[in-house]
Structure formats: C-alpha cells, structure tokens
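J.: Structure incoming, see below.
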Amino acid sequence: MALTGLILFGYVLAHMIGNLQIFSPDRGQLNHYAAFLHASSNLALLWLARFILLGAVIWHIVAAVQLSKIKSDARPVGYVKKRDVPTSYAARTMMWSGPIIAAFVIFHILHLTTGAVLPLKEVGANQPDVRYNVVSGFQNPFVTGFYILAMVLLCMHLYHGLWSLCQSLGWISPRHNQKIKTTSAVLAIVICVGFISVPLAVLAGLVTY
Amino acid sequence: MTLDSKSPGGPIETRWDRHRFGLKLVNPANKRKHTIIVVGTGLAGGSAAATLAELGYNIKSFCFQDSPRRAHSIAAQGGINAAKNYHNDGDSVYRLFYDTVKGGDFRSRESNVYRLAQISVNIIDQCVAQGVPFAREYSGYLDNRSFGGAQVSRTFYARGQTGQQLLLGAYQALEHQIGQGRVKMYPRTEMLDLIMVDGRARGIVTRDLVTGRIESHFADAVVLATGGYGNVYYLSTNAKGSNCTAAWRAHKRGALFANPCFTQIHPTCIPVSGDYQSKLTLMSESLRNDGRVWVPVKKGDKRAPNQIPDAERDYYLERRYPSFGNLVPRDVASRNAKMVCDEGRGVGESGLAVYLDFRDAIARLGVDIIRDRYGNLFEMYERITGEDPYQVPMRIYPAIHYTMGGLWVDYNLMTNIPGLYAVGEANFSDHGANRLGASALMQGLADGYFVLPNTINDYIASSKLPKIDAAHPAVQDAERNVTEISQTLLGIQGSRSVDSFHRELGKLMWDYCGMSRTAEGLQHALNTIPALRDQFWRDVRVTGQGEELNQSLEKAGRVADFFELAELMCLDGLYRNESCGGHFREEFQTSDGEAARDDASFSYVAAWGYRGPGAAPELLREPLEFEYVHPAQRSYK
Amino acid sequence: MRIVLHIWRQRNASDKGRMARYEVPNVSEHMSFLEMLDVLNESLIARNEDPVAFDSDCREGICGMCGCMVNGVAHGPVPGTTLCQLHMRHFKDGDELYLEPWRARAFPVIKDLVVDRRAFDRLIAAGGYISVSTGSAPDGNAMLVPKKDADRAMDAAACIACGACVAMCPNASASLYMAAKVAHLGTLPQGQPERNSRVLGMVAQAKAEMFGSCTNIGECEAVCPKGIK
Ligand SMILES: Cc1cc2nc3c(=O)[nH]c(=O)nc-3n(C[C@H](O)[C@H](O)[C@H](O)COP(=O)(O)OP(=O)(O)OC[C@H]3O[C@@H](n4cnc5c(N)ncnc54)[C@H](O)[C@@H]3O)c2cc1C
Ligand code: HEM
Ligand code: HEM
Ligand code: SF4
Ligand code: F3S
Ligand code: FES
C-alpha cells in the first residue's frame, strides 16, 4: 500500500507541476511539454511510466480490497450503535474517496488522453493540442464541477494517505507526529489547489486558447 | 499436634543461608517429571509460577480473572520497600527487620522477617531487569521515598501504580514461560477443593467459570497464592472478586488458619455514599502529610465545612497526639476517626466521615505545589464524589484494606499439610498484627521469586509421590463435595440475593469485628452469624444453572465460605484478650487509650484447626520468641 | 433519575443474542455505572430473571477487567475513564443507553457483555517480555535509565489491557495495545536485546489472532482510558 501510494503521490505531484505550465506567459509552453512527453524519442519512457502507473493503481486497489477484507474478518459482527469519536474524517472515508478518484481518472483519461468525451485537437501527428483540449474541456461547467469534486476528495485521500504512509513506513515518533500530520495536510492542499486552479482559471476566462 | 515452625536457630544473619544449605535439591533432569499447581497469579503466585517454570518444573497456574495480569496486586499504589540504603540515610537489612517486627506489634516470627528484609534487596534488582519502570532521579538512579511514617527512604515506586508495574513484570515472565510451554495457564478457573491423598496435598478440584465444568488437576505439590480475605466485610478496598474460598476449603481439609482476627484498616478511604455502594476506594496515605483531619466540635453540626469557624473545629489527631499529629499510624488514625463518628460528630450525609482539609496547606504553599503533590489524587476524589478538594475539604473514612491473618505456614512456607504451600497475603507469615505500608508487595515477591523456589525442592526430593488418577476415591470424594455445594446452592431457590446476605454479614463484621472490638460485641456476632448463615442456606436465590457462566453462583460459593471464616475471626478476636496492631479490644487499652499488649499470655500465633461442621475449632499455639527485637510499648504522643 | 438501558443479552457463545430493554428507576447521581448495573441485576434476580453478566474486579480503573460499549463508545462518554470509574452524574434523567460487548473476531462473546480477551495474553507470550531468569539480575542501579526514558516507559506501561482500543477501532486492530508494550520495553535499555524479535513475534501473533490491521484512524487513542498514544 505504502509503496503504491508513494508512486501515485509522486505522479500526481509531477502531473500537477506539468499542468501548471498552462499559466506560463508562453502560450505554447504546455504543448511543448506535451510534445516533449510524446516525442517518439521518449515514447518508450512514456509507456514505461504508464505501465508503472497502471501497475501501481491496480496494486493499490488490490491492497485496498485486501484491507477491507481483513477489516470485515476482524469484526464479523458489527455494533448496533457505533459512534465515531471525533477523529480524522478523511481516514474513515478512504474507501469512498479512493474509488471516486479512480472513476475520475478513467473519465479523465477518456477526456484528455483518448478524446472519447470530446474530440481532441492535434497540432501535429501524435502531438495533442493540450492547451486547446484543456480549455475547451473546462468550458463545460459539469466537467469542471466533476473535476473539482474529484480534486477535493483527492485532497482528503492524500491528506490521510500521506500521514498514514509515514506511519506504515515507520517514519514516526511521538514528538514529530503533529509535524507529519501538518506536512501531509499542506502537501495535499497544495496539490489539490494546484490542480483546481486550472479549471477555475479557464472558467474565469483567465486562461483562453 | 504440636506446631514446628522449622525456624533455624543461631545468628539471625546467617539463618537463611544455613537453612538453604540443609535443604535437599532436585536434580535438574528430574524437575521436568514433577508437576506443581500454583493457584493465584498475583505478585506471589505469578512470580512463583514463573520462577518454578524457569527451574524446569511443570506448572499449572490458575486464576479466576480472565487474565493472570488482573490479580488484585495490580491495585497496589504506594510502593515496595527494600533495604538498599541507596540514600545512605541509615537504612539496613537489620533496620527493615527491626521496623517490621516492631510495626507488627511483636506478633511475627523473627526468622521470617529477617529473611524478608534480606531478600528485599534482590527483589528490586530482579524487577528492574524485567523492565519495571521504577521512578528515577534526573541522574538516572532509582528514586525512593519514605512511606507510612518510616524515618528512612526505602520505598521504591512507579508513579501511583507500583503494584501494577511489579505485577506486569511477573506476568510477563509468566507469559514467557507459558509461551515456552512450561506453564499451562487456566484463567477464569476457580479452585473449589483440595485433593488429599495419604495425608498429602496432591491436587485441586476446579470449576471452569465459562462452561461450569468441574475438573480435577493432580500434582506433586500445591501452592496457594490466593490473596487476602478482606471482602468478608463486603465493603473493602479489595477487588470485588477477592475471596477466601481456596484457603478456606484447604482449611476444611486440615490446613491451620492463623490469626484470622488480624485485619488492617486503612484510614484514608473515600466514604460510603449509599447502600448501593459496591466497594471502597483507597486514597494514598501521603495525603496526611499536608491535610489536616478534623470534625465539628458540636454533635450533628450540619453546616457546610467552610462555614464552621476554627474555634468550632476539633483537629482531634493534633490535639491527642501533639508529636505525630495527623501522621499517627494507620490503626491509630482509623480508630480515632471511628471514635469521633461514634460520638455523633461525623460529617457528610451518613455521618460516617471526617474532614481531611487542605485549606491551610493551600494557604501556606499555594495551590500549585498542592496540585503538584496530590493533583492525581484530588482528581480521583473529584471523579468519584463530584466535589473539588481544592474548594471543600475531602471526606474520608477508614476501610478494611489488608488481612495479616491467613494459612499457617512454617519457615519453608509449607502449611501443616505436607505438600501444601501458602505464599503472599494468603499466608499469615511476616506482618504479625499489623503490616507496614509497602511491605505486602515485598513479601509477595520475596515468597514467590526467592523463598518458595528454594524450599519446595526439599519436599519434592524427600517425598514418595506415587501417581494418582481420577479414579482415586479421594478425587471422587473431592469432586462430589464440590458438585454438591453448587447443586445445593442452585437448588435452594429462596427469596434473597447473594449480595443482600453478603452486605448483612459485612455490616455485622464491621460493627463488631472491625476497627475496635469488645468481648460482648464479638459474642453478639458469634450468636448472630450462625443464624444468618442458616438463613442463607435456606433462603438464598441463585439464578441460572451450573453449566454456564454464572456470576451469582460464583458469589454464592464465596459468601458461603465468608460466613464460616467470619465466625472464626470473631472467635479468634474473642480469645485474644489483648490489643495489638490491627486487633484493638476496647477492654485492653492504656490509660491514654492506646493498644495494650499482653505479652505474658498472648505472645503466640493462634493457629486454628477445623473439626467439622458445627464443631468448635481447635486452637494450637505457636509461641513467639524475640531474641533480637525486644517487645516494647508503641507510643505516638 | 430514570435510565433506560438496551443491553446485549447472549446466553453463551453459540446463542445468537439480541438487544433487550430495561428500565432502572431512581438511579442516584453518586452511583458508579457498574453500581447502576448491580441495582438492575438485583431487580432482575428479584424477578427471577438471569442477571446481566459483565466483567469487573478492582472497580477503580486499574485491573482492566471492565468495559463495554455505551452508546457506541468504548467505556462510555467521559474520556480517560474506565467503565467502573464512570459515574451516573454524567447522565441525565430519561437517558437511553445502548450497552454492547466489545466486538472483534479475536474477542469472542462469552455471555452478555463478557468477552474472551485471552488473545491479549497470547500477544504478550509471543514476545512482550524481557527474558531474565530469577536471580540473574545485577544491582538495580547498575544500569542507569534517564528520567525521561523511565517516564516515557511508564506512560506506555500504564496500559491496562482493557481492549477498548480494539473494540473501538474500525479495523478491530490491536496495534495500540501492542505499541504500548513495545514502547514500554523498547524505551528501556534492558529491552534492547530482544527489540526486534519482540515486535516480529507480536505482529505475527496478532495476524494469527485475526486482529485487523491498523490504518491509522486514531479512534483507539480517543477512547483509551489510560491515554496511551
Ligand atoms: C487498594 C490497595 C492498595 C495497596 N497498596 C499497597 C502498597 O502500596 N504496598 C504494598 O506493599 N501493599 C499494598 N497493598 C497490599 C497488596 O497489594 C496485597 O497484599 C498483595 O498484592 C497481595 O498479593 P497476592 O499475590 O498475595 O494476592 P493477589 O494479588 O490478591 O492475587 C490473588 C490471586 O489468586 C487468585 N485466586 C483467588 N482465589 C482463587 C480461587 N479460589 N481459585 C483460583 N484463583 C484464585 C486470583 O485470581 C489472583 O490471581 C494494597 C492493597 C490494596 C487493596
Ligand atoms: C479504487 C481506488 C482507490 C482506493 C480503493 C484507495 C484506497 C486507499 C486505502 C484504503 C488506502 C490505505 C489508507 C491507509 O493505509 O491508511 C489508501 C492509501 C493511499 N492512497 Fe488510495 N485509493 C485509491 C486510489 C488512489 C489514487 C488514484 C491515488 C493517487 C492519486 C491514491 C493515493 C493514495 C496514497 C498516496 C495513499 C497512502 C499510502 C499508504 O497509506 O501507505 N489512492 N488508498
Ligand atoms: C484539473 C486537473 C487536471 C488536469 C488539467 C489534467 C490534465 C491532463 C492532461 C491534459 C492529460 C493528457 C496529457 C497528454 O495526453 O499528453 C492528462 C493525462 C492524465 N492525467 Fe490528468 N489532469 C488533471 C488531474 C489529474 C489527476 C488528479 C489525476 C490522478 C489522480 C490525473 C491523472 C492523469 C492520468 C493517469 C493521465 C494519463 C497520462 C498518460 O497519458 O499516460 N490527472 N491529464
Ligand atoms: S491501549 Fe488503552 S484501550 Fe487499549 S488496552 Fe491498553 S489501556 Fe485499554
Ligand atoms: S483506531 Fe484502529 S486503525 Fe489504527 S490508529 Fe487506532 S488501531
Ligand atoms: S473493574 Fe478494574 S478497571 Fe474497571
């Protein structure tokens, strides 16, 4: 779990940074980046990355399913009345936020990678006009809404995920726990805000084609 | 029958060594072939079972709780004594020995007490090695405090949870052996009878408290570490489950019961708040260091404490004991509280409480220092009573806390029944008529870690112990006896609950065999108890069946035994025409109201033998000699 | 005051069990929670019904014997308090309380509110100790322990093995209980040699006992009567 979580986290971080290039004064920047990613010379690397990513997601999900199995085995009979004492809400909803994020990812790939949602514009062979695609995509408030929702869940998922990750990997000590918690929160929020900024900017018309 | 204490003679410093040298050993290879039953997993039983298993014996260990770690020892707060003299304040093995004999009001065996003081030193080492987190100084050295009015700092402690931490040490050692397969643990299992074959203890009959199954277990020796019998009073600081059943059923098989009337009362407990009260909670004695004890001068003065001006307060301890004041020993403080309450000057709704007031201490030292010293105790008090001791004085009252009496044992900790041993609070050995604070933990661990494992070999090495099995008539008889008792109790189907009888017995004992006793009071109790006991056997209502978890049935069996023990306690108290330690007979006091011993006629251990239902028990006397510490009158004026 | 109780009644391990409703009239605010149950049981006995079975021994918060879920919270609503230390003044007239036993595969119900916690002992037997045979110990002051370490060890050693952490954990994990023991022995120099075998042994045993795995939810700490962290 920890390992896959780490990979996934790494990806979203990188991905977010990639996305933020849309704000660069050079309107071509994002496309250049995409082009660079898709450049035939990097193709092998790209696919490698995609495989690792796919593997991580699958592994991650498998692990999550195992966790929930252990959980139900460990308490076959539930409580008639159970109050959740105030502890991290994110922690208890990992099993919800996770799948929704996964669903988002699928939609998202269909949307911006395969173009199944709306046709993608290419500036050249195997050179998506990412800027156009993103902007056009986010002109649709429903798409944007779903994106934003997903990002918020992702934020929660990452918040608990990261802190939990440190615990699982034994990066803990009574003294630092609070620090770790806040760091996780900050990272999660940064990522979420970073992502959300794009659709919002588009809606607000700050970023145009 | 005459009592042979087997106490060695000669210079007291070397008695234990010379005695040990005289004992036979069991060849390590043969230990495996011997099984020893240890009933009880408190400090005494837990440490004994673990140590005997380390030596190579097969151990069967029993407790009635769901885990060996829950034995009542867990509740001990204050600390454990040891003559380490780490503070160079004049302590020594000899001084601990001296203080214990004197504190016991000269009713204990010098040889045993000296050995206890010698061993106390090794106990601390052992516990530290096990990982007991004793309090430390900033330097990293072990910290000590002085406790229960001792003039030297010899008490080791782990916060307010010394008993818990020492027990966890023994428990972990025990679990280690269980993991190694050398100990078979039987939790939620109650010993209900002793199996005797050819005059030797060869096993026990138990009831599985979950399934109700009656089972027999055989062994080459049986060790009882089943704790004290303070719950005879119903209300005590003991855990709800603490009982005398194991010891008492052994007594009925012939084991002598010594000094049953020696019970200890703790002066600072939280008073009873209503008739639903189920147990009493002890507050550390240390409170008396800064708190001042008082009651109103006027009878039945119902004003709130803070409305009562100093002129109308009676700080009776300071008045009567100018030199010791509020720090007089437990029995003295307790008795005086009872006296003022009997005069009708007690406080609180029940009128059975006195004030322990921190007003002046707070004024003198400031709230912070007081919070620093007693914060957790004040919290505990507020949690239970809902009152804030920083604002209103605490209400306290004495409660039964410890029982010095128990099964008679010789220097080897063996009862008069060959092969039956008693350790810890269950035996009578080391505390005489009054136990010093922080000495029970010491004794339990001394018995279990160091004494018993050395003495038990001698018996096993020197006895012919043929195999026995379930078919043996003695086994059949014991099992029948146990089944009969349960069946009878379940069959009565009367109208009163077990607790209602236990409460009534407890009240009776508290009133007539409690803090202070009189001949006619004890006589009255002796006349009343049998009637109440008969009513119990006619009218008790035990619901449910025998073949299931049945807490009413468990209680009923224990209360049945308490009834019989109660009678013996009163009888013993009536025989002992003197006041000593915890046994205060109003007829025998000095002109200024202190306990008056009668060494000429009562310097002996009273060991009672069972002679059958209804028959008067037989009294055997073990005379006590004092070669080193010479009897003197205690005075705290 | 009057208290309405819904209590889990289950004759034995094989029985299915159900919630039953009881009323306890005129409860005094000074009663402890368990004394309130005593009163209920007295009335049940008077009606010739089987009293509610519940564990308790010391009744002062140190033995770890007592405990059940009160309205879905282990040991009831007051933090840092065992069930036996809980007093009725924290409730009000007419309150409805749901009492259920600890629920975990590793803690099978024996009867009513009584569960079998022997799995906790087996966890200790699997490594929660320091191996030192009686008599082999050096002088107590031979090995110095910094005060702060001794204090930290004591904090962890305060665990009373009540099982509330397991009962409350959504995963029924015993990790707080184990962490407490590991921290207790692991912070002390005496505990170093067996440090790793201890953890491995206990973790393996926890799996075998079917305790859940910890996903750091933190409800255990919230209900631990001894403030284990
Ligand atoms: C509140 C309180 C505070 C105390 N504080 C201190 C202190 O600060 N210092 C000090 O030195 N002493 C103190 N004491 C006294 C001391 O704690 C006890 O005397 C001592 O712990 C007794 O230990 P034990 O092993 O003999 O018996 P226990 O610890 O009582 O163990 C009895 C064992 O026997 C088992 N048992 C009993 N009957 C049966 C049966 N029929 N069948 C099977 N098993 C049975 C029980 O399950 C238990 O395991 C205190 C006592 C109390 C009540
Ligand atoms: C079906 C999809 C998913 C499910 C069911 C799921 C569920 C979970 C669960 C149960 C945990 C364990 C929590 C813990 O150990 O405390 C977890 C951790 C984590 N998840 Fe997910 N998740 C999913 C998808 C994702 C995605 C898409 C990402 C990243 C974009 C992600 C990032 C993380 C991270 C970083 C962790 C922390 C790893 C750890 O706890 O050791 N998850 N997830
Ligand atoms: C507003 C936020 C986001 C934007 C604007 C965005 C944008 C994009 C774009 C433009 C692509 C296509 C890139 C290309 O084909 O060259 C892409 C691919 C992808 N995105 Fe996002 N993304 C966002 C959020 C996310 C999040 C939160 C996740 C995961 C949790 C994610 C996972 C992916 C994946 C897995 C791909 C496929 C990469 C590949 O082609 O291998 N994205 N994203
Ligand atoms: S960690 Fe706390 S909740 Fe868990 S068993 Fe120990 S004391 Fe009880
Ligand atoms: S609640 Fe459970 S998930 Fe872990 S942090 Fe506590 S054990
Ligand atoms: S009964 Fe001992 S902790 Fe509650």
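J.: Quick one: if the Förster radius is 51 Å, what FRET efficiency do B:Glu13 and C:Glu23 give, using the C-beta to C-beta distance and rounding to 0.05?
T.: So, using R0 = 51 Å, E works out to roughly 0.15.
J.: Then there is this: Among the DSSP beta bridges whose two residues both lie in chain B, what percent are antiparallel, rounded to the nearest 5?
T.: Of the beta bridges lying entirely in chain B, close to 70 percent run antiparallel.
J.: Using the Cα centre as the reference, give the magnitude of the dipole from point charges on the C-beta atoms of the protein assembly as shown (Lys, Arg: +1; Asp, Glu: -1; all else neutral), rounded to the nearest 20 debye.
T.: Working: 111 positive and 104 negative charges, 493 e Å.
Taking the Cα centre of the protein assembly as shown as origin, the dipole is about 2360 debye.
J.: If you rank A:Trp163, B:Trp537 by fewest surrounding Cβ atoms within 10 Å, what's the result?
T.: With the fewest neighbours first, A:Trp163, B:Trp537 line up as B:Trp537, A:Trp163.
J.: Taking the Cα of C:Ser197, stepping 7 Å toward and past its beta carbon, and measuring to each backbone N in segment B:110-144: which are under 17 Å?
T.: B:130-131
J.: List the residues, sorted by chain then number, that are 5 or more residues from B:Ala258 or on another chain and whose placed amide H is less than 5 Å from its amide H.
T.: B:Gly406, B:Leu407, B:Trp408, B:Trp608
J.: Sticking with this structure for a sec: From the residues B:Ser591, B:Cys63, B:Gln391, which one has its Cα farthest along the dipole of the protein assembly as shown in the positive direction, the dipole being from +1 and -1 charges on Cβ of Lys/Arg and Asp/Glu about the Cα centre?
T.: The listed residue farthest towards the positive side: B:Cys63.
J.: Taking amide H positions as placed 1.01 Å from N in the peptide plane, with prolines and chain starts having none, which residues 5 or more places from B:Lys184, or on another chain, fall under 5 Å of its amide H?
T.: Under 5 Å from the amide H of B:Lys184 lie the amide H atoms of B:Ile59, B:Lys60, B:Ser61, each far enough along the sequence or on another chain.
J.: For segment B:462-607, take the convex hull of the Cα atoms, compute a quarter of its surface area, and give me that in nm², please.
T.: Values: hull surface 52.8 nm².
Over every viewing direction, the Cα hull of segment B:462-607 projects on average to 13.2 nm².
J.: Another question about this same structure. Kindly express, to the nearest 10 degrees and within the range 0 to 90, the angle between helix B:43-55's C-alpha long axis and the longest C-alpha principal axis of chain B.
T.: It is inclined by approximately 30 degrees.
J.: Now for a different question. Take every DSSP beta bridge whose two residues both sit in chain C, then give the antiparallel share in percent to the nearest 5.
T.: Antiparallel bridges: around 75 percent, rounded to the nearest 5.
J.: Can you run the Rg to Rh ratio on the protein assembly as shown? Use alpha carbon positions and the Kirkwood inverse-distance Rh.
T.: 1.05
J.: Using only the Cα atoms of chain B, what semi-axes does the equivalent ellipsoid have when each is the square root of 5 times a gyration tensor eigenvalue? Give whole Å, largest first.
T.: Working: eigenvalues 285, 172, 115 Å².
In descending order the semi-axes read 38, 29, 24 Å.
J.: Compute the angle between helix B:367-385 and the longest alpha-carbon principal axis of chain B, please, reported from 0 to 90 degrees and rounded to the nearest 10.
T.: Once rounded, the angle reads 60 degrees.
J.: GNM on chain A, C-alpha springs below 10 Å: top fluctuator among A:His157, A:His111, A:His176?
T.: Among A:His157, A:His111, A:His176, the largest mean-square fluctuation in the Gaussian network model of chain A belongs to A:His176.
J.: Here's something else I'd like to know. Using θ = phi - 60° and the Karplus form 6.51 cos²θ - 1.76 cosθ + 1.60, what ³J(HN,Hα) does each residue of segment B:489-504 get, whole Hz, x for Gly and Pro?
T.: Residue by residue, segment B:489-504 yields 4, 5, x, 4, 6, x, 10, 10, 6, 4, 4, 5, 5, 4, 4, 5 Hz.
J.: If I build a Gaussian network model for chain A, linking alpha-carbon pairs within less than 10 angstrom, which residue out of A:Tyr33, A:Tyr89, A:Tyr11 has the largest mean-square fluctuation?
T.: A:Tyr89
J.: Next question, about the same structure. Which chymotrypsin sites (Phe, Trp or Tyr not before Pro) from segment B:95-156 combine a DSSP loop assignment with at most 13 other Cβ atoms within 10 Å? Please list the in-between numbers first.
T.: Working: sites: B:Phe97, B:Tyr98, B:Phe106, B:Tyr114, B:Phe134, B:Tyr138, B:Tyr141, B:Phe147, B:Phe156; in loops: B:Phe106, B:Phe134, B:Tyr138, B:Tyr141, B:Phe147.
Qualifying residues, ordered by number: B:Tyr138.
J.: OK, next. Can you work out the PRE-style zone for A:Leu43? Point 7 Å along Cα to Cβ, and I want the residues of segment A:128-144 with backbone N under 20 Å.
T.: A:128-130
J.: From the phi of every residue in segment A:89-105, what ³J(HN,Hα) in whole Hz does the Karplus formula 6.51 cos²θ - 1.76 cosθ + 1.60 yield, where θ is phi - 60° and glycine or proline is x?
T.: 5, 3, 4, 6, 10, 3, 6, 9, 4, x, x, 4, 4, 4, 4, 4, 4
J.: Percent of Cα-Cα pairs per 5 Å bin, from 0 to the last occupied bin, for segment C:50-128, please list those.
T.: Spelled out bin by bin, segment C:50-128 gives 3, 14, 20, 25, 20, 10, 4, 2, 1, 0 percent.
J.: Could you tell me the ratio Rg/Rh of segment A:24-101? Both radii from Cα atoms, Rh via Kirkwood.
T.: Value, to two decimals: 1.25.
J.: Explain nothing, just the number: relative contact order of chain B, from Cα pairs under 8 Å at least 6 residues apart, as a whole percent.
T.: The normalised contact order for chain B reaches 20 percent.
J.: Decide, for segment A:12-64, between rounded, prolate and oblate: order the square roots of the alpha carbon gyration tensor eigenvalues as a ≥ b ≥ c, take rounded if a/c falls under 1.5, and otherwise choose prolate if a/b is larger than b/c, else oblate.
T.: Judged from the Cα gyration tensor, segment A:12-64 comes out oblate (a/c at least 1.5, b/c at or above a/b).
J.: Please give the length that would be gained between B:Gln545 and B:Tyr138 if that part of the chain were fully extended, namely 0.36 nm times their separation in residues minus their C-alpha to C-alpha distance (nm, one decimal). Intermediate results must be reported in sequence, preceding the final value.
T.: Working: separation 407, 0.36 × 407 = 146.52 nm, distance 5.77 nm.
Working it through step by step, the gained length comes to 140.7 nm.
J.: Using the beta-carbon distance between B:Phe626 and B:Asn27 and R0 = 35 Å, what value does 1/(1 + (r/R0)^6) give for FRET efficiency, to the nearest 0.05? Don't skip to the end; give the middle numbers.
T.: On the way: r = 40 Å, r/R0 = 1.13.
For B:Phe626 and B:Asn27, the calculated efficiency is 0.35.
J.: Sort B:Arg496, C:Arg198 by Cβ crowding within 10 Å, fewest neighbours at the top.
T.: The most exposed by this proxy come first: B:Arg496, C:Arg198.
J.: Answer with one residue from C:Leu176, C:Phe54, B:Leu377: the one whose Cα lies farthest towards the positive end of the charge dipole of the protein assembly as shown, charges on Cβ with Lys, Arg +1 and Asp, Glu -1.
T.: Value computed over the given set: C:Leu176.
J.: Just to confirm the number: angle between the C-alpha axis of helix B:452-461 and the first principal axis of chain B, 0 to 90 degrees, nearest 10?
T.: 20
J.: Sort out for me the Cα centre separation of segment B:181-207 from segment B:507-556, rounded to whole Å.
T.: About 26 Å separates the Cα centre of segment B:181-207 from the one of segment B:507-556.
J.: Grab the beta carbon distance between B:Ser350 and B:Asn376, set R0 = 22 Å, and tell me the FRET efficiency rounded to 0.05.
T.: Details: r = 26 Å, r/R0 = 1.18.
Using R0 = 22 Å, I get an efficiency of 0.25.
J.: Need one word for segment C:157-209: rounded, prolate or oblate. Basis is the Cα gyration tensor (sqrt eigenvalues a ≥ b ≥ c); a/c below 1.5 gives rounded, then a/b vs b/c decides. Let's see the in-between values first.
T.: Values: a/c = 3.27, a/b = 1.53, b/c = 2.13.
It comes out oblate by the Cα gyration axes.
J.: Given bins 5 angstrom wide, list per bin the percent of all Cα-Cα distances in segment B:407-512, short to long.
T.: 2, 9, 12, 11, 12, 15, 15, 12, 9, 3, 0
J.: Let me ask another. Residues with amide H under 5 Å of B:Asp357's amide H, sequence separation 5 or more or different chain, H placed in the peptide plane at 1.01 Å from N; which?
T.: B:Arg292, B:Val293, B:Trp294
J.: State, to one decimal in nm, how far the label point of A:His15 lies from the label point of A:Tyr89, with both points 7 Å from Cα in the Cβ direction.
T.: Using points 7 Å along Cα→Cβ, the separation is 2.5 nm.
J.: Next question. Quick check: pseudo-label points 7 Å beyond the Cα along Cα→Cβ at B:Arg319 and B:Glu504, how many nm apart are they?
T.: Between B:Arg319 and B:Glu504, the simple spin-label model gives 3.9 nm.
J.: When B:Leu574, B:Leu436 are ordered from fewest to most other Cβ atoms inside 10 Å of their Cβ, what list results?
T.: Listed from fewest to most nearby Cβ atoms, that is B:Leu574, B:Leu436.
J.: Something else: Obtain the nm distance between the two label points defined at C:Val4 and B:Arg611 by a simple spin-label model: each point lies 7 Å from its Cα along the Cα-to-C-beta direction.
T.: About 6.2 nm separates the two model spin labels.
J.: Now, a different point. Expressed as cubic angstrom per residue, what is the convex hull volume of the alpha carbon set of segment C:92-229?
T.: Hull volume over Cα atoms, normalised by residue count, gives 152 Å³.
J.: Read phi for every residue in segment C:136-142 and hand back ³J(HN,Hα) as whole Hz from Karplus 6.51 cos²θ - 1.76 cosθ + 1.60, θ = phi - 60°, with x for Gly and Pro.
T.: 8, 7, x, 4, x, 9, 5
J.: Taking the alpha-carbon set of segment B:518-574, what are its Rg and Dmax in Å?
T.: Calculated on Cα positions, Rg and Dmax stand at 14.0, 45 Å.
Since every read-out is calculated from the coordinates, none of them should be taken as a lab result. No experiment lies behind these values; they were computed from the predicted model shown. Every residue, glycine as well, gets a Cβ built from its backbone with ideal geometry; the counts of neighbours run over all protein chains shown.
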